[in-house]
Amino acid sequence: MKKKIIYSLLLLLFLGLGFGLNYAWKSFPLISSYGSKIMCSCIFLVERNEKSVMSQELRAFPISLGDFEVDRDGKKVTGSVFGLAQRVAIYREGQGCTLLSGLEEAEVRNQEYFEVPKPNWSQDTVSWPNGDKLNDSIMNLPNYRKIQDLINFEFEDSIRKSYLTHMIVVLHRGNLVAEGYGNDHDIGTKHTSWSMGKSIISTLVGLQVDKEILNLEQNALLPEWSDERKDISLKNMLQATNGLDWVEDYGGVSDATNMLFLKPDAAAVAASKPLKYEPGTHFYYSSGTTNIISKILRNRLGEEDYQRLPYESLFYKIGMHHTIMEKDASGTFVGSSFVFAPARDFARLGLLMLNKGLWQGEQILSEEWVTFATAPGTVAPKGEYGAQWWLNAGNPNNAEDKLFSKLPNDAFYAGGFEGQWILVIPSKDLVIVRLGFTPKGEFSMNDFASNVINLLL
C-alpha cells in the first residue's frame, strides 16, 4: 500500500514537473517579449516611467513574473523570466519600438528609414480641429458641462478600483466639448491603439483605392499565394472574410501572439496559413489579416512611399501630428495593434469618418470609401463588421440584435484590447474616444455613450 502511495506521489510529481516545464517552455518567451515591447513603447515613446508601467500594463499574472531591464542610453528593454527566455525590444526615433524577435539589433537599427518631418507650426495657437486651441464658450454650455461631470466621474477613486481610464474626449458637431485625463496620462501622452490600428490600415487602403492604385476586387494579393489562396480578394481581406485558418486568441501562445511577439515578420506568419473556408463565405476577425493588408500596401507602393504614406497622406493632413505607427523587425507597420497617439489625434480620425472623409473643405478620403468601410459585410451575422471598422447595424433579420443595445444603429467604431474606443455616431453628430487599461472589460461604452446622448437631448 505504501509503495502504491509513493508511486502515485512520484507520478503526480513528474506530471507536475512536466506541466511546469511545458508551461515555461511555451510561456516564458511570450512573457519576456510582451513585457519588453510594452515597457519599451511606454518608456521611450510615451515617456512614462517603469513604476507606472509595472503597476498598470504589466501588473497581472503571468506577465508580472517577468523582469524588464531598461537601458536608457541604448534605448532598449531586455525582458526575461527568472533569468530565462531573454528577449529585447529597441526604440528608434520616429518609428517607436520593435521586438528583435531573433534578428540582430544592428540589422534592425540599420534598416532604411524615410522620415517625414512633422509640420513646422505649433498646434497650440491654432483652433480645433487642425490645432489644439479650444472654444471655452462652447465647452461651458450647460449640457457640455454635464458631459464633463460624467467624464470626471470616470477618474474618481471609486471607479479606479476596478479599472483604469486614461483619456476620454467627446466631440459634438465637430467641436471638442469635453475631455478628461488621469492615471499617469495627460493631453500630450501617446496611447496604444491595440486593434484600433486596424481602422487606420483600412483608411490607408481607402486612400489607395481612391487613387486607383488598389482595387477592391483584385486578387493574387501575395506572390506566395499561387494556390487556392490566389482567389482571396482585397475586399475579402478588409471585411475579414478571407477564409484563412487562424486563431485570434490572447490567452497564451496562439497564432495572434506568435505573430505579434515571437516572430520578426508578422505578415509572413499570417500569410503562411492555409485556406479553411471559401473566400467571402465566413466571417472571422483576425489581426493576422490586417498585417497581411499592411504588407500588401508595402509591396504595392515600394519602401519609401509605404513609409511616408500614413504621415503625408493622412496624419499630417488632419492634425494627427503626434501619431506613430510602429513596425515589426522586418519593417512592416504592425497595423493590427501598434499605433500610438494622444486621444485628440484618435478623435481627429473619428471626425474625418464622421464627416465622410471631408476635412476643413478638403476631401481627404472619398465619401464612397467611408460608405463602404462602414457598411455591413455580407456574412457577419449581426451586421457587425464593415471594412476593418466595427458596426452597430444589427442582425439583418432582427435590427434589435446588435452590439450596443442602447446606441443608434448607425454607430460604428474602432475598438482595441483593454478598452480602447473611437466611437462615431453620425445621427448624433458625435465622436467619443475612450482609452484605458481595462483588461476585464468593466468599462461599458454602451452605457457611457448612451448617457452622453441623453445629456445632448
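Quick notes on this structure:
- Number of the exception - residue 304 against (1) farther than 17 Å from residue 192 by Cβ; (2) in contact with a strand residue (DSSP E or B) (Cβ under 8 Å, 6 or more places away or on another chain); (3) surrounded by fewer than 23 Cβ atoms within 10 Å (Cβ to Cβ); (4) of a type outside the set (Phe, Trp, Tyr): (2)
- Highlighted here are the helices (runs of 4 or more DSSP H) found entirely within region 210-300 that include at least 2 residues which are within 24 Å of residue 368 (Cα to Cα) and in contact with an Asp or Glu (Cβ under 9 Å, 6 or more places away or on another chain): 234-238.
- Test set (1) in contact with a Pro (Cβ under 9 Å, 6 or more places away or on another chain); (2) under 15 Å from residue 264 (Cα atoms); (3) surrounded by fewer than 22 Cβ atoms within 10 Å (Cβ to Cβ) - residue 333 fails condition number: (3)
- Output for region 351-382, where each listed residue is modelled with pLDDT under 95 and small (Gly, Ala, Ser): 377, 380
- Odd one out for residue 337 among (1) out of contact with any Phe, Trp or Tyr (no Cβ under 6 Å at 6 or more places or on another chain); (2) in a loop (DSSP other than H, G, I, E, B); (3) touching a residue at least 24 places away in the same chain (Cβ under 8 Å): (1)
- Within region 427-446, being under 17 Å from the mean Cα position of the chain (by Cα), part of a strand (DSSP E or B) and either at pLDDT 95 or above or at positive phi (or both) holds for 432, 433, 434, 435, 436.
- Scanning region 172-181 turns up one or more residues that are in a loop (DSSP other than H, G, I, E, B) and over 18 Å from residue 420 (Cβ atoms).
- Qualifying residues in region 406-455 (those that are farther than 19 Å from residue 151 by Cα and touching a Pro at 6+ places or on another chain (Cβ under 9 Å)) - the one surrounded by the fewest Cβ atoms within 10 Å (Cβ to Cβ): 427
- Screening residue 414 on (1) more than 27 Å from residue 249 (Cα to Cα); (2) of a type in the set (A, V, I, L, M, F, W, C); (3) part of a strand (DSSP E or B) shows it passes everything except condition (1).
- The conditions of being without any contact (Cβ under 8 Å) to a residue 40 or more places away in the chain and either part of a loop (DSSP other than H, G, I, E, B) or surrounded by fewer than 20 Cβ atoms within 10 Å (Cβ to Cβ) (or both) are not met by residue 94.
- Within region 301-316, tally of residues that are outside any helix (DSSP H, G or I) and closer than 14 Å to residue 214 by Cα: 1
- Selection within region 247-271 - touching a residue at least 24 places away in the same chain (Cβ under 8 Å), over 23 Å from residue 203 (Cα atoms) and surrounded by fewer than 23 Cβ atoms within 10 Å (Cβ to Cβ): 250, 252, 253, 255, 257, 262, 263, 264
- Residue list for region 411-457, filter: among the hydroxyl-bearing types (Ser, Thr, Tyr), under 30 Å from residue 260 (Cα atoms) and in contact (Cβ under 8 Å) with a residue 40 or more places away in the chain: 438
- Taking the conditions (1) among the β-branched types (Val, Ile, Thr); (2) buried (at least 18 other Cβ atoms within 10 Å of the Cβ); (3) touching a helix residue (DSSP H, G or I) at 6+ places or on another chain (Cβ under 7 Å); (4) in contact (Cβ under 8 Å) with a residue 60 or more places away in the chain in turn, residue 177 satisfies each one other than (4).
- Residue identified as closer than 23 Å to residue 235 by Cβ and touching a Leu at 6+ places or on another chain (Cβ under 7 Å) among 314, 351, 262: 314
- Scope region 356-404; condition hydroxyl-bearing (Ser, Thr, Tyr) and crowded, with 18+ Cβ neighbours inside 10 Å; matching residues: 374, 385
The values are calculated or read from the model by the stated rules, or taken from the named source; none is laboratory data. Model, not experiment: these values are computed from the prediction. Please note: Cβ atoms are built from the backbone with ideal geometry, for glycine as well, and neighbour counts cover all protein chains shown.
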